[in-house]
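The values are calculated or read from the model by the stated rules, or taken from the named source; none is laboratory data. Keep in mind the model is a prediction, meaning the values are calculated, not measured. So basically every Cβ, Gly included, is an ideal-geometry build from the backbone, and we count neighbours across all protein chains shown. SASA here: full protein model, heavy atoms, side chains in, ligands and nucleic acids out. Shrake-Rupley method; radii C 1.70, N 1.55, O 1.52, S 1.80 Å.
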Amino acid sequence: MKSIRDIYKIGRGPSSSHTMGPERACRLFRAEHPEAARFQAVLYGSLAKTGPGHGSDRIIRETFSPLPCEVIFDAGAAEMKHPNTLDLVALNGEGAQTGRMRVYSVGGGDIEIEGRPLPEESPEIYEHASFAEIADYCKTHRLRLSQYVERLEGPGIWDFLLEVWAQMCRSINEGLTCAGVLPGGLNVERKAQFLYNQRHIDERPETRENRIVCAYAFAVSEQNAGGGTVVTAPTCGACGVVPAVLKYMQEEKSLPDRTVLRALAVAGLIGNLVKHNASISGAECGCQAEIGTACSMASAALAELYEMGIDQVEYAAEVALEHHLGLTCDPIGGLVQIPCIERNAVAAMRAINAVRISNFLTTTRKISFDMVVETMYETGRDLNHIYRETAEGGLAKLYK
């Protein structure tokens, strides 16, 4: 497996696959074709069907600017190798083609280029490719999962994660200061500030926990929907879950940043396993691959904060992912707003509950984390394509 640095990417929303991935591809393609006078981008599959709502055309034109770029949405093309496929074409002053590249935006801001490896492709860091293998190694060497990450990534991983955590906190703070309507035409109002400031009439501790965690999740997700800067965890569409859970727990328990970084390391490891063995792309496997993985990451991170055992961490991660199996991706209007923003808040609370269950019931579990990851992948591939980020089914179809 590759570094957990590939799970956490800092960039602009609202979609790691629809904005961050295409932006990365366009930067690379432009650098390779300095002779071009203009460009053309043809988007297929999910990129074509939800690209306008996700802002794919905007980010592509901005990346190629000041050179012009024609963006074409080809929603009727035959099924591609990957549902997030785009062709980039370089043209000279006479309109002749000087270069062409087919790109797959595979989720989490990552891209694959047909016919060649990425020049900047990161090396393989982890020799173990399943949770079972990692757990055996850690038990043999008496390591916590966060220590395992440091052993394989090197001590430099902590500086990287500190930068990640700082941006997550900035996204929360910025989201809490913003009000008004999000762009896109659905007239969705930002709610994070309201949730944070409005005490419930019966403000018991558990009620306050729910309200604050949800406020933090809304804050990050609304920043993402507004095109702000966020951290993929593991994607833009699911970026609010992990920071919401960890920020709340850090404040409640007065935890230093170095403790939170250990939790982020474990969360990254869980996201890495899902990405390596299945998918974190909503266009490939539905929202279970995005929100389900984010919930699993957050629950494992929280279990690490509580210094729970490896088996308990696994059970927390497994429960969180298992109960998102089959979750569809049906964004209304192709926007990362409904149901995406609210879904981040619900998943954040579910992550906390998964940890509480694992604290009591780990010894009774029947399902492994590796098994539920495999199940998620098979389930996602079996989902009808209209429920995989195409905005053709479910809420996207019925909402008027």
- Of the residues in the range 60-101, those that are part of a loop (DSSP other than H, G, I, E, B), of a type in the set (S, T, N, Q) and open to solvent by less than 50 Å² (accessible area, probe 1.4 Å) number 1
- Message: Looking at 292, 237, can you tell me which residue is farther than 27 Å from residue 156 by Cβ, at pLDDT below 95 and buried (at least 24 other Cβ atoms within 10 Å of the Cβ)?
- Response: 237
- Item | Search result, residues across the range 124-171 that are hydroxyl-bearing (Ser, Thr, Tyr) and touching a helix residue (DSSP H, G or I) at 6+ places or on another chain (Cβ under 9 Å) | 126, 130, 137, 146, 148, 171
- Determine whether residue 111 is outside any loop (DSSP other than H, G, I, E, B) and open to solvent by 20 Å² or more (accessible area, probe 1.4 Å). no
- Task: For the range 129-143, name all the residues that are over 25 Å from the mean Cα position of the chain (by Cα) and either surrounded by 13 or more Cβ atoms within 10 Å (Cβ to Cβ) or β-branched (Val, Ile, Thr) (or both).
- Result: 136, 137, 138, 140, 143
- Message: So residue 105 ticks every box in (1) assigned to a strand (DSSP E or B); (2) within 30 Å of residue 250 (Cα to Cα) but one. Which box is left unticked?
- Response: (2)
- Message: Cβ contacts < 7 Å: first residue within 19 Å of residue 58 (Cβ to Cβ), restricted to the range 177-188; second residue open to solvent by 60 Å² or more (accessible area, probe 1.4 Å) and assigned to a loop (DSSP other than H, G, I, E, B), any location; separation 6+ or different chain. Result?
- Response: 181/187
- The condition of being surrounded by 23 or more Cβ atoms within 10 Å (Cβ to Cβ), closer than 29 Å to residue 159 by Cβ and either touching a Phe, Trp or Tyr at 6+ places or on another chain (Cβ under 9 Å) or among the polar types (S, T, N, Q) (or both) holds, among 56, 17, only for 17
